[in-house]
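Everything on this sheet refers to the single structure shown next.
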Amino acid sequence: MIMATLKQPSLFVTLVALLAVSLFVAPTTSTSRKNLKHHPCPTDGFRVMLRHVDSGKNLTKLERVQHGMKRGKSRLQRLNAMVLAASTAPDSDKLEAPVHAGNGEYLMELAIGTPPLSYPAVLDTGSDLIWTQCKPCTRCYKQPTPIFDPKKSSSFSKVSCDSSLCSALPSSTCSDGCEYVYSYGDYSVTQGVLGTETFTFGKSKKKVSAHNIGFGCGEDNEGDGFEQASGLVGLGRGPLSLVSQLKEPRFSYCLTPIDDRKKSILLLGSSAKVKDAKGVTTPLIKNPLQPSFYYLSLEGISVGDTRLPIEKSTFEVGNDGSGGAIIDSGTTITYIEENAFDELKKEFISQTKLPVDKSSSTGLDLCFSLPSDSTEVEIPKLIFHFSGGDLELPAENYMIGDSSLGVACLAMGASSGMSIFGNVQQQNILVNHDLEKDTISFIPTSCDEL
């Protein structure tokens with residue numbers, strides 16, 4: 001049986017002395033940060049630093065995961081519900097049915113206008129529209145930076161109603177320019193006027209400006225999950241997203257562990273190219289009913305050396321647009337179709353020689369009790385089988401330990417429909433999107449070294 005082996009004494013040294021929270025697990029053939037051999041070297045270009053929404057807070061790794069799960073508690077439910085609504089809607093209504101994911105877990109710093117006004121924005125790979133709150137506000141939430149005033153920017157202009165950007169909106173009206181309403185699955189909404197502006201990314205000498213970028217100048221904004229930012233930057237596959245408007249065929253991101261104080265990174269355009277990198281490349285699937293999402297070609301999952309008895313069709317997009325598996329930077333843990341998760345859970349229990357903990361209120365579906373007198377803890381490997389290759393995750397990307405609770409928990413859950421590959425599973429992996437080839441690559445990387 002293929003296992004990840006731990007010496008129990010070193011486990012508790014790592015838990016208490018180093019992180020006080022993390023179960024350090026090292027598979028025998030590890031892709032963890034300490035054993036990385038491949039360090040992709042992006043060419044010079046456009047890069048933006050990212051920070052986790054809980055950055056700087058005194059939280060354990062498990063607490064960070066719990067906070068993320070709480071923030072996204074209804075995210076998966078509403079995505080599945082609205083995908084189902086789209087699949088059952090009459091043909092005449094299907095153009096109005098796209099789902100927008102909304103709040104996320106990572107923030108990027110950028111600046112808008114001339115002169116530039118800096119602000120933090122939620123990074124969201126599950127939606128398209130770029131927007132920020134604008135004066136005059138009829139209803140705006142409290143944000144961490146001054147609200148943008150388009151009248152004070154020499155580069156702002158309204159978008160005309162007959163423009164391609166206006167026609168790309170799921171819902172718009174024509175009055176004083178192109179007016180939009182962009183709603184999210186949890187009933188959060190931004191509405192205002194569509195404009196174009198100059199956006200500036202990066203700091204000091206590495207600043208890059210992009211002109212005439214279409215964005216939502218939101219004058220009426222409400223909903224949960226946006227308060228930590230002053231807007232949102234959509235990186236979805238639709239025409240309104242940042243990557244589409246920049247006409248850059250590639251973008252990548254690399255997420256440091258959520259308990260790491262070092263920042264993550266977003267790479268766009270030429271900087272997203274990697275040299276001499278070994279990883280897994282798999283086709284991206286398109287779902288006409290949900291065109292913004294990045295659907296993965298996931299075919300199966302193995303625990304240890306056991307391939308789970310999951311039908312290949314489990315992760316395929318149905319003819320009605322339901323199901324499938326997407327990758328999402330804004331969802332904390334991975335959720336897989338409930339029957340597949342039952343098989344995964346059963347196999348982990350079978351291969352992990354630890355008692356199942358049923359008393360802790362971690363919010364995770366499967367936790368094990370860590371014995372204090374054992375000399376060795378074994379954690380099964382976890383492998384995702386994609387069309388094009390297999391991705392073996394480092395164990396710290398799916399098993400989270402907490403010394404104070406004495407548990408080790410699987411950072412995955414069950415979904416009633418759509419599966420989501422979450423950001424904990426993406427830690428220290430360069431995720432490269434090639435929109436020209438419609439592929440996505442997973443490259444084991446020390447993200448804090450990029």
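To keep it simple, each residue is scored yes or no on (1) at pLDDT below 95; (2) within 24 Å of Arg71 (Cα to Cα); (3) not in a strand (DSSP E or B).
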| position | (1), (2), (3) |
| --- | --- |
| Asn212 | no, no, no |
| Asp220 | yes, yes, no |
| Asp224 | yes, yes, yes |
| Glu227 | yes, yes, yes |
| Leu232 | yes, yes, no |
| Gly238 | yes, no, yes |
| Val243 | yes, no, yes |
| Glu248 | yes, no, yes |
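Can you pull out the residues in segment 312-346 that are acidic (Asp, Glu), crowded, with 20+ Cβ neighbours inside 10 Å and not in a strand (DSSP E or B)?
Asp328
Considering only segment 315-336, how many residues are touching a residue at least 60 places away in the same chain (Cβ under 8 Å) and more than 19 Å from Asn423 (Cβ to Cβ)? Show your work before the answer.
Of the residues in segment 315-336, the ones touching a residue at least 60 places away in the same chain (Cβ under 8 Å) are 315, 318, 320-336.
Retained after the next criterion (residues that are more than 19 Å from Asn423 (Cβ to Cβ)): 318, 320-323.
Number satisfying all stated conditions: 5.
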Handout entry: Some residue of segment 245-257 being of a type outside the set (Gly, Ala, Ser), open to solvent by 10 Å² or more (accessible area, probe 1.4 Å) and under 18 Å from the mean Cα position of the chain (by Cα)
Key = yes
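Looking at segment 376-387 only, could you name the residues that are at pLDDT 95 or above and either out of contact with any Pro (no Cβ under 7 Å at 6 or more places or on another chain) or open to solvent by 20 Å² or more (accessible area, probe 1.4 Å) (or both)?
Initial filter on segment 376-387 (at pLDDT 95 or above): 380-387.
Pro380, Leu382, Ile383, Phe384, His385, Phe386, Ser387, listed by residue number.
Within segment 182-202, can you find the residues that are among the small types (Gly, Ala, Ser) and either over 20 Å from Gly330 (Cβ atoms) or surrounded by 17 or more Cβ atoms within 10 Å (Cβ to Cβ) (or both)?
Within segment 182-202, the subset among the small types (Gly, Ala, Ser) is 183, 185, 188, 192, 195, 202.
Across segment 182-202, the qualifying residues are Gly185, Ser188, Gly192, Gly195, Gly202.
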Handout entry: Looking only at segment 426-450, and only at residues there that are buried (at least 20 other Cβ atoms within 10 Å of the Cβ) and of a type in the set (Ser, Thr, Tyr), the one that is modelled with the highest pLDDT
Key = Ser441
Problem - Single residue of segment 155-181 satisfying the filter (open to solvent by less than 40 Å² (accessible area, probe 1.4 Å) and touching a Pro at 6+ places or on another chain (Cβ under 7 Å)) that is farthest from Arg71 (Cα to Cα) - result: Ala168
Exercise for the section: Return the pairs, sorted by first residue and then second, in which the second residue is in a loop (DSSP other than H, G, I, E, B) and of a type in the set (Val, Ile, Thr), the first residue lies in segment 343-371 and is more than 21 Å from Met69 (Cβ to Cβ), the beta carbons are less than 8 Å apart, and the residues are 6+ apart or on different chains. Expected result: Glu343/Ile310
Handout entry: Matching residues, segment 408-420, being in a strand (DSSP E or B), out of contact with any Gly (no Cβ under 7 Å at 6 or more places or on another chain) and farther than 18 Å from Gly324 by Cα
Key = Cys409, Leu410
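With the condition kept exactly as written, say whether any residue in segment 390-404 is in contact with a Gly (Cβ under 6 Å, 6 or more places away or on another chain) and surrounded by 17 or more Cβ atoms within 10 Å (Cβ to Cβ). Write out each step before concluding.
Kept after step one, since they are in contact with a Gly (Cβ under 6 Å, 6 or more places away or on another chain), are these residues of segment 390-404: none.
Among the residues of segment 390-404, not one is in contact with a Gly (Cβ under 6 Å, 6 or more places away or on another chain) and surrounded by 17 or more Cβ atoms within 10 Å (Cβ to Cβ), which makes the answer no.
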Problem - Residues of segment 349-395 satisfying the condition of being assigned to a loop (DSSP other than H, G, I, E, B), out of contact with any helix residue (DSSP H, G or I) (no Cβ under 6 Å at 6 or more places or on another chain) and under 30 Å from Glu316 (Cβ atoms) - result: Thr352, Leu364, Asp365, Lys381, Ser387, Gly388, Leu393, Pro394
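The values are calculated or read from the model by the stated rules, or taken from the named source; none is laboratory data. What you are looking at is a predicted structure, and each value in this text was computed from that prediction instead of being measured. Positions of Cβ are generated from backbone atoms using ideal geometry, with glycine treated the same way; all protein chains shown enter the neighbour counts. The area values use the complete protein model at the heavy-atom level, side chains included, leaving out ligands, DNA and RNA. Shrake-Rupley method; radii C 1.70, N 1.55, O 1.52, S 1.80 Å.
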